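Asker: Have a look at this one before I ask anything.
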Amino acid sequence: MGKALQGVRILDFTHVQSGPTCTQLLAWFGADVIKVERPGEGDITRSQLRDLPDADSLYFTMLNHNKRSITLDTKTPKGKEVLEALIKTCDVMVENFAPGVLDRMGFTWERIQELNPAMIVASVKGFGPGPFENCKVYENVAQCAGGAASTTGFDDGPPMVTGAQIGDSGTGLHLALGIVTALYQRRETGRGQKVLAAMQDAVLNLCRVKLRDQQRLAHGPMKEYPQYPNGEFGDTVPRAGNASGGGQPGWILKCKGWETDPNAYIYFIAQAPVWKSICKVIGKEEWITDPDYATPVARLPRLMEIFGTVEEWTKTLTKFEVMDILNKYDIPCGPILSMKEIAEDKSLYETGTLVEVEHPTRGSYLTVGNPIKLSDSPTEVTRSPLLGEHTDEILRDVLGFSEREIMDIRDSGAIGVVERLAAE
Ligand SMILES: CC(C)(COP(=O)(O)OP(=O)(O)OC[C@H]1O[C@@H](n2cnc3c(N)ncnc32)[C@H](O)[C@@H]1OP(=O)(O)O)[C@@H](O)C(=O)NCCC(=O)NCCS
């Protein structure tokens, strides 16, 4: 069966997390992704947070599936020649270097256009044009600058970052959409274009509802926030603890075993259409008609008291028992799942969301597969490449260099002759 992006060739000049998540997705959709890495070290994540002494780290392997790797020192004349050949043959260059790096290397947008006017150059940067455009940025900086940290956590505590990598992987996703959109437009225009996803912008996009609330604040307190009715609202969106972001009030409640299990909790939503069922399940049938509880508006000032009462009930059952019971009545809820529980969930393996992958130096490891399922373009997850594993194959088969030319490139040191000699 063919793949959606079959025939698209990507020059993957990415490193760390944000760029690699983007190119990994494109590879899963069938693009030929050629990862260009510095000889010797390669992507810095190969050796970061290592769990096994001489194997590529999980950090690297879990972000670079289905790619090929070529080592190339793009600061040497021969390295530049090879990079130019790659630019001429690829459809898209994806990069997430610090601002100015590509220009310093000699590969400005103008130069790339000269080499290949149809090339799409897609970049992740920390910030868009403006006061911070030259800053280097990592995940948590983006979460802070994009509005996530100021709106996450509890009102009486400091700003909090979230475990979801919305700055890195979130921006990678945005960039991938920009790339396929530019490819689509290129079918008409024949031209490439620049695609920019700034991490601050991507995080802000994911925090859209908080900017909504910033504007709602001007018209009085936000009644679904835990600060209402007794707490103070200032002039900016406060941290809402575990309150539901939408119009349906929700909170995290303790379940049986919470004293020892940090994840014995359930997210419970007091959805208005099922209020009667909620009252029956928790044994508070009088709330169905009591004017203080019967309508969503009447409940707003009492939400924390209501959640406290529901929690008295949830504490008597495990989170999965609560889930079973509430689902029978269509009451929205969700167990707080630990990473261990997720890794043991068989259904996630059946859908390809979790995948076991074989790797020559680290053995088998668990990874997250493609979360986006296409019925006509199924994903087969293959292991990440070893550093420079496909260098010869790419020089020969993709770029058409002769054996003599490849020898010259090798002898120049551009693809890592130093290590090769050291190994001999
Ligand atoms: C992530 C980040 C902070 C890392 O910074 P860093 O480790 O210092 O890496 P840089 O991007 O600055 O690149 C470092 C150098 O490696 C060089 N380099 C990279 N690949 C190379 C190659 N194949 N051959 C030769 N040199 C190479 C670059 O040319 C650059 O050199 P220069 O500074 O002398 O011009 C930075 O790249 C960044 O801000 N990226 C944009 C935002 C982003 O994606 N952040 C999230 C990452 S998950």
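Asker: Tally up the residues in segment 64-82 that are in contact with a Ser or Thr (Cβ under 6 Å, 6 or more places away or on another chain) and hydrophobic (A, V, I, L, M, F, W, C), please.
Answerer: Of the residues in that region, 1 qualify.
Asker: Where residues in segment 51-67 are surrounded by fewer than 19 Cβ atoms within 10 Å (Cβ to Cβ) and charged (D, E, K, R), which of them is farthest from the ligand (Cβ to nearest atom)?
Answerer: Asp54
Asker: Shifting gears a bit: Exactly one condition in (1) free of Cβ contacts under 8 Å to residues at least 60 places away in the same chain; (2) within 29 Å of Phe127 (Cβ to Cβ); (3) acidic (Asp, Glu) is false for Asp91; which is it?
Answerer: The single condition Asp91 does not satisfy is (1).
Asker: Looking at (1) more than 15 Å from the ligand (Cβ to nearest atom); (2) under 23 Å from Val33 (Cα atoms), which is the one condition that is false for Asp103?
Answerer: Unmet for Asp103, out of (1) more than 15 Å from the ligand (Cβ to nearest atom); (2) under 23 Å from Val33 (Cα atoms): (1).
Asker: For segment 52-67, does any single residue satisfy the condition of being free of Cβ contacts under 8 Å to residues at least 60 places away in the same chain and assigned to a loop (DSSP other than H, G, I, E, B)? Talk me through it step by step, then tell me what you get.
Answerer: Filtering segment 52-67 for residues free of Cβ contacts under 8 Å to residues at least 60 places away in the same chain gives 53, 57, 59.
Among the residues that remain, those that are also assigned to a loop (DSSP other than H, G, I, E, B) are: 53, 57.
The answer is yes, given that some residue of segment 52-67 is free of Cβ contacts under 8 Å to residues at least 60 places away in the same chain and assigned to a loop (DSSP other than H, G, I, E, B).
Asker: Just checking, does segment 312-322 include any residue being among the hydrophobic types (A, V, I, L, M, F, W, C) and either in contact (Cβ under 8 Å) with a residue 40 or more places away in the chain or open to solvent by less than 20 Å² (accessible area, probe 1.4 Å) (or both)? I'd like the intermediate steps shown before the answer.
Answerer: First pass over segment 312-322, keeping only residues among the hydrophobic types (A, V, I, L, M, F, W, C): 313, 317, 320, 322.
Cutting the leftovers down to either in contact (Cβ under 8 Å) with a residue 40 or more places away in the chain or open to solvent by less than 20 Å² (accessible area, probe 1.4 Å) (or both) gives us 317, 322.
Checking segment 312-322: at least one residue is among the hydrophobic types (A, V, I, L, M, F, W, C) and either in contact (Cβ under 8 Å) with a residue 40 or more places away in the chain or open to solvent by less than 20 Å² (accessible area, probe 1.4 Å) (or both).
Asker: Please work out which residue is farthest from the chain's Cα centre (by Cα), limiting yourself to segment 5-39 and to residues that are within 12 Å of the ligand (Cβ to nearest atom), over 19 Å from Thr171 (Cβ atoms) and not in a strand (DSSP E or B).
Answerer: Pro39
Asker: Let me ask something else about it. Among the numbered criteria (1) open to solvent by 80 Å² or more (accessible area, probe 1.4 Å); (2) without any contact (Cβ under 8 Å) to a residue 40 or more places away in the chain; (3) in contact with a helix residue (DSSP H, G or I) (Cβ under 7 Å, 6 or more places away or on another chain), which single criterion is violated by Glu259?
Answerer: (3)
Asker: Against the conditions (1) open to solvent by 10 Å² or more (accessible area, probe 1.4 Å); (2) closer than 17 Å to Val124 by Cβ; (3) of a type outside the set (Gly, Ala, Ser), where does Met1 fall short? Just the number, please.
Answerer: All conditions are met except number (2).
Asker: Within segment 40-50, restricting attention to residues that are part of a loop (DSSP other than H, G, I, E, B) and among the charged types (D, E, K, R), which residue is farthest from the ligand (Cβ to nearest atom)? Give the steps one after another, and end with the answer.
Answerer: Filtering segment 40-50 down to residues part of a loop (DSSP other than H, G, I, E, B) leaves 40-43, 47-50.
Then keep just the ones that are among the charged types (D, E, K, R); that gives 41, 43, 50.
On the way: Glu41: 9, Asp43: 9, Arg50: 17 Å.
Filtering first and then ranking leaves Arg50.
Asker: Condition (residue is outside any helix (DSSP H, G or I), on the phi > 0 side of the Ramachandran plot and of a type outside the set (Asp, Glu)) applied to segment 288-300: is it met by at least one residue? It would help to see each step written out before you state the result.
Answerer: Of all residues in segment 288-300, those outside any helix (DSSP H, G or I) come to 289-295.
Still in the running and on the phi > 0 side of the Ramachandran plot: none.
The answer is no, given that none of the residues of segment 288-300 is outside any helix (DSSP H, G or I), on the phi > 0 side of the Ramachandran plot and of a type outside the set (Asp, Glu).
Asker: Please work out if Val274 is in the same structural domain as Val381 (by the TED database) and surrounded by 16 or more Cβ atoms within 10 Å (Cβ to Cβ).
Answerer: Details: in the same structural domain as Val381 (by the TED database): no; surrounded by 16 or more Cβ atoms within 10 Å (Cβ to Cβ): yes.
Criteria not met by Val274.
Asker: State whether one or more residues within segment 198-209 are over 21 Å from the mean Cα position of the chain (by Cα) and open to solvent by less than 60 Å² (accessible area, probe 1.4 Å). Outline the logic, then answer.
Answerer: Within segment 198-209, the first condition is being over 21 Å from the mean Cα position of the chain (by Cα), and the residues that meet it are none.
Scanning segment 198-209, I find no residue that is over 21 Å from the mean Cα position of the chain (by Cα) and open to solvent by less than 60 Å² (accessible area, probe 1.4 Å), so the answer is no.
Asker: A further question on this structure: Suppose we keep only residues that are more than 29 Å from the chain's Cα centre (by Cα) and part of a loop (DSSP other than H, G, I, E, B) within segment 71-85. Which one would you say is surrounded by the fewest Cβ atoms within 10 Å (Cβ to Cβ)?
Answerer: Of the residues in segment 71-85, the ones more than 29 Å from the chain's Cα centre (by Cα) are 75-82, 84-85.
Add one more test, that the residue is part of a loop (DSSP other than H, G, I, E, B), and what stays is 75-76.
Details: Lys75: 13, Thr76: 16.
Among those residues, the one meeting the criterion is Lys75.
Asker: From the residues in segment 220-238 that are of a type in the set (S, T, N, Q) and open to solvent by 50 Å² or more (accessible area, probe 1.4 Å), which one is nearest to Thr162 (Cα to Cα)? Quick ask: steps written out before the conclusion?
Answerer: Start the filter on segment 220-238 by keeping residues that are of a type in the set (S, T, N, Q), which leaves 227, 230, 236.
Then drop every residue that is not open to solvent by 50 Å² or more (accessible area, probe 1.4 Å), which leaves 230, 236.
Numbers: Asn230: 27, Thr236: 20 Å.
My answer is Thr236.
Asker: Which number in (1) modelled with pLDDT of 95 or more; (2) surrounded by 14 or more Cβ atoms within 10 Å (Cβ to Cβ); (3) among the hydroxyl-bearing types (Ser, Thr, Tyr) marks the one condition that Ser244 misses?
Answerer: That leaves (1) as the condition not met.
Asker: Hey, can you tell me all the residues within segment 341-396 that are assigned to a helix (DSSP H, G or I) and aliphatic (A, V, I, L, M)? Outline the logic, then answer.
Answerer: Step one: list which residues in segment 341-396 are assigned to a helix (DSSP H, G or I), which gives 341-343, 346-350, 391-396.
Within segment 341-396, Ile342, Ala343, Leu348, Ile394, Leu395 meet the criteria.
Residue-by-condition table, conditions (1) within 15 Å of the ligand (Cβ to nearest atom); (2) in contact with an Asp or Glu (Cβ under 8 Å, 6 or more places away or on another chain); (3) among the hydrophobic types (A, V, I, L, M, F, W, C):
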residue	(1), (2), (3)
Lys78	yes, yes, no
Glu81	yes, no, no
Pro99	yes, yes, no
Glu110	no, no, no
Val121	yes, yes, yes
Lys136	yes, no, no
Asn140	yes, no, no
Ser150	no, no, no
Pro159	no, no, no
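Residue-by-condition table, conditions (1) within 22 Å of Asp156 (Cα to Cα); (2) in the same structural domain as Ala149 (by the TED database); (3) open to solvent by less than 40 Å² (accessible area, probe 1.4 Å):
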site: Ala240; (1), (2), (3): yes, no, yes
site: Ala294; (1), (2), (3): no, no, yes
site: Ala298; (1), (2), (3): no, no, yes
site: Pro301; (1), (2), (3): yes, no, no
site: Phe307; (1), (2), (3): yes, no, yes
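Asker: For Pro360, all conditions in the list (1) within 30 Å of Met407 (Cα to Cα); (2) surrounded by 11 or more Cβ atoms within 10 Å (Cβ to Cβ) hold save one; what is the number of the exception?
Answerer: Failed condition: (2).
The values are calculated or read from the model by the stated rules, or taken from the named source; none is laboratory data. On a predicted model such as this, the values are computed, not experimentally measured, just so you know. Neighbour counts run over all protein chains shown; Cβ positions are idealised from the backbone, glycine included. Heads up: the accessible areas ignore ligands, DNA and RNA and are worked out on the full protein's heavy atoms, side chains in. Shrake-Rupley method; radii C 1.70, N 1.55, O 1.52, S 1.80 Å.
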